[in-house]
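A.B. asks: Take a look at the following structure, please.
The values are calculated or read from the model by the stated rules, or taken from the named source; none is laboratory data. What you see is a predicted model, and the numbers here were worked out from it, not measured in a lab. Quick reminder, even Gly has a Cβ in these numbers, built from the backbone with ideal geometry, and neighbours come from all protein chains shown. To get the accessible areas, we keep the full protein, side chains included, count just its heavy atoms, and leave off ligands, DNA and RNA. Shrake-Rupley method; radii C 1.70, N 1.55, O 1.52, S 1.80 Å.
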Amino acid sequence: MLEHFHLNTPLLESLSMSKRAGTAVYLKMESSQPSGSFKIRGIGHLCQQVAKQSKGVVCSSGGNAGMAAAYVARKMGLPATIVVPSSSPQLVVQKLQDQGATVKIKGKVWDDANAEALRLVETEGLTYVPPFDHPLLWQGHASVITEVAASMGPSVKPGAVLVSVGGGGLLCGVAQGLKDVGWTDVPIVAMETVGADCLNAALKAGRVVTLDDITSEAKCLGAKTVCTKAFEYSQSSDLIIISELVTDQQALHAVETFLDEERVLVELACGAVLAAVYSGVICRLQDEGRLPTPLGPLLVIVCGGSSINMEQLANLRHKLHT
């Protein structure tokens, strides 16, 4: 069997984004993973540890975690049940079925789908694959930073790492990865969209809180509560985590600009991290003295996304531009 399921993804310099940011910008292209996003790193690692003797796996997902779980289960020869909320596009359901997964649609948001997944663990004896809240996931996701450190070489380190935050799994992995390679002085800029901002809301409240609803169109960021570990990292004196918000419109603009300039289509959740450069968040943070000037190379984790195609993009344009 494969040593692991994920690929060592390309680290590409973006000249157009570098020009905007006033410093070199490197893109870690997680959109080129076999399942379409970074999720396969953690989910592959977790499944190898806990699912070998399993009757089958169950995962609750807005899209990307489900795609990773379905892909890994198919490679391991295991049945997969993926529970998605009704907000998931038909495109996602079809892709999951193409991977051989059984798809169940439950509730309006991810939290509802997750409750159903946990019920199936109890009633059908399936192995639960959490989408973002598990130490084995974070361990797997940490490999993204280990790879970057190997690519950049010993004499270079990023000025900041930019990530999108949904439930906080990637943030936890990046934080762990920075510790692993000795880069704890590198700030993490954690990007969310307004209406899917569970980390930002927790930081404002000084504790983990649950959002009333997900009103953002970035459905893959749609966890109402950030995982406790991500909040703990944000409070830790060992790390620098800066939480920033962009609107859905800014995230969409970033998706469109990235498609034009880099010829890669990513989903709105990934647009949130790209908007840190395209909407001038990084330059503003420098003006405010929260990031240094000059700034070392920016590392942008292009988290990817399986729930986007040209039809979805047109739908988003229609919703957000009207």
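A.B. asks: Select from segment 6-17 the residues that are open to solvent by less than 20 Å² (accessible area, probe 1.4 Å) and either under 18 Å from residue 257 (Cβ atoms) or in contact with a Pro (Cβ under 7 Å, 6 or more places away or on another chain) (or both) and list them in ascending order.
C.D. replies: Looking only at segment 6-17, we keep the residues that are open to solvent by less than 20 Å² (accessible area, probe 1.4 Å), and these are 9, 14, 17.
Hits for segment 6-17 are 14, 17.
A.B. asks: Right, something else. Condition first: open to solvent by 30 Å² or more (accessible area, probe 1.4 Å) and not acidic (Asp, Glu). Now tell me which residues in segment 237-249 satisfy that. Show your work before the answer.
C.D. replies: We begin by selecting, within segment 237-249, every residue open to solvent by 30 Å² or more (accessible area, probe 1.4 Å); these are 237-238, 240, 245, 247, 249.
Of everything in segment 237-249, those that are open to solvent by 30 Å² or more (accessible area, probe 1.4 Å) and not acidic (Asp, Glu) turn out to be 237, 240, 245, 247, 249.
A.B. asks: Report the residue count in segment 277-322 for those that are open to solvent by 70 Å² or more (accessible area, probe 1.4 Å), in a helix (DSSP H, G or I) and polar (S, T, N, Q).
C.D. replies: So the count comes out to 1.
A.B. asks: For segment 221-229, does any single residue satisfy the condition of being out of contact with any Phe, Trp or Tyr (no Cβ under 6 Å at 6 or more places or on another chain), free of Cβ contacts under 8 Å to residues at least 40 places away in the same chain and open to solvent by less than 40 Å² (accessible area, probe 1.4 Å)?
C.D. replies: no
A.B. asks: Sort out which residues of segment 246-271 are touching a residue at least 60 places away in the same chain (Cβ under 8 Å), of a type in the set (A, V, I, L, M) and farther than 17 Å from residue 16 by Cβ, and write them in order of number.
C.D. replies: 252, 268, 269
A.B. asks: May I pose another question? When you scan segment 1-111 for helices (runs of 4 or more DSSP H) that lie fully inside it, which ones turn up with 1 or more residues that are under 30 Å from residue 152 (Cα atoms) and not hydroxyl-bearing (Ser, Thr, Tyr)? Walk me through it before giving the result.
C.D. replies: Working: elements: 15-21, 39-50, 64-76, 90-98.
Ranges flagged: 15-21, 39-50, 64-76.
A.B. asks: Something else now. So for segment 246-259 (the condition being closer than 26 Å to residue 177 by Cα, in contact with a Lys or Arg (Cβ under 6 Å, 6 or more places away or on another chain) and not charged (D, E, K, R)), does at least one residue qualify?
C.D. replies: no
A.B. asks: So which pairs qualify, if the first residue must be in segment 203-214 and closer than 11 Å to residue 226 by Cβ and among the hydroxyl-bearing types (Ser, Thr, Tyr), the second must be part of a loop (DSSP other than H, G, I, E, B) and open to solvent by less than 50 Å² (accessible area, probe 1.4 Å), the Cβ gap must be under 8 Å, and the two must be at least 6 apart or on different chains?
C.D. replies: Going by the 8 Å Cβ cut-off, the qualifying pairs are 210/224.
A.B. asks: Anything in segment 283-307 that is within 22 Å of residue 28 (Cβ to Cβ) and either polar (S, T, N, Q) or over 19 Å from the mean Cα position of the chain (by Cα) (or both)? List them, or say none.
C.D. replies: 283, 285, 286, 291, 292, 294, 295, 296, 297, 306, 307
A.B. asks: A further question on this structure: Which condition does residue 259 not pass, out of (1) open to solvent by less than 40 Å² (accessible area, probe 1.4 Å); (2) of a type in the set (A, V, I, L, M, F, W, C); (3) farther than 23 Å from residue 296 by Cα; (4) assigned to a helix (DSSP H, G or I), if it passes all the others?
C.D. replies: Unmet condition: (1).
A.B. asks: Return the pair list, or none, for Cβ contacts closer than 6 Å from residues in segment 44-63 that are under 15 Å from residue 125 (Cβ atoms) and charged (D, E, K, R) to residues that are part of a loop (DSSP other than H, G, I, E, B) and modelled with pLDDT of 85 or more, at least 6 apart or on different chains.
C.D. replies: 55/125
Yes/no matrix, rows are residues, columns are (1) closer than 21 Å to residue 51 by Cβ; (2) surrounded by fewer than 17 Cβ atoms within 10 Å (Cβ to Cβ); (3) at pLDDT 95 or above; (4) touching a Pro at 6+ places or on another chain (Cβ under 7 Å):
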| position | (1), (2), (3), (4) |
| --- | --- |
| 121 | yes, yes, no, no |
| 126 | yes, no, no, no |
| 130 | yes, no, no, no |
| 134 | yes, no, no, no |
| 144 | no, no, yes, no |
| 147 | no, no, yes, no |
| 159 | no, no, yes, yes |
| 207 | no, yes, no, no |
| 215 | no, yes, no, no |
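A.B. asks: Would you be able to tell me the number of residues in segment 217-248 that are of a type in the set (S, T, N, Q) and either in contact with a Pro (Cβ under 6 Å, 6 or more places away or on another chain) or assigned to a loop (DSSP other than H, G, I, E, B) (or both)? Explain how you work it out, then say what you get.
C.D. replies: The initial filter retains those residues of segment 217-248 that are of a type in the set (S, T, N, Q), namely 225, 228, 234-237, 243, 247.
Now narrow it down to the ones that are either in contact with a Pro (Cβ under 6 Å, 6 or more places away or on another chain) or assigned to a loop (DSSP other than H, G, I, E, B) (or both): 236-237, 247.
Qualifying residue count for the region: 3.
A.B. asks: Residue 310 is checked against (1) under 17 Å from the mean Cα position of the chain (by Cα); (2) at pLDDT below 95; (3) more than 21 Å from residue 61 (Cα to Cα) and fails just one. What number does that condition carry?
C.D. replies: The number of the failed condition is (1).
A.B. asks: Sticking with this one: Is it the case that residue 22 is in contact with a helix residue (DSSP H, G or I) (Cβ under 8 Å, 6 or more places away or on another chain), under 30 Å from residue 280 (Cβ atoms) and open to solvent by 10 Å² or more (accessible area, probe 1.4 Å)? Walk me through it before giving the result.
C.D. replies: Details: in contact with a helix residue (DSSP H, G or I) (Cβ under 8 Å, 6 or more places away or on another chain): yes; under 30 Å from residue 280 (Cβ atoms): yes; open to solvent by 10 Å² or more (accessible area, probe 1.4 Å): yes.
Yes, satisfied.
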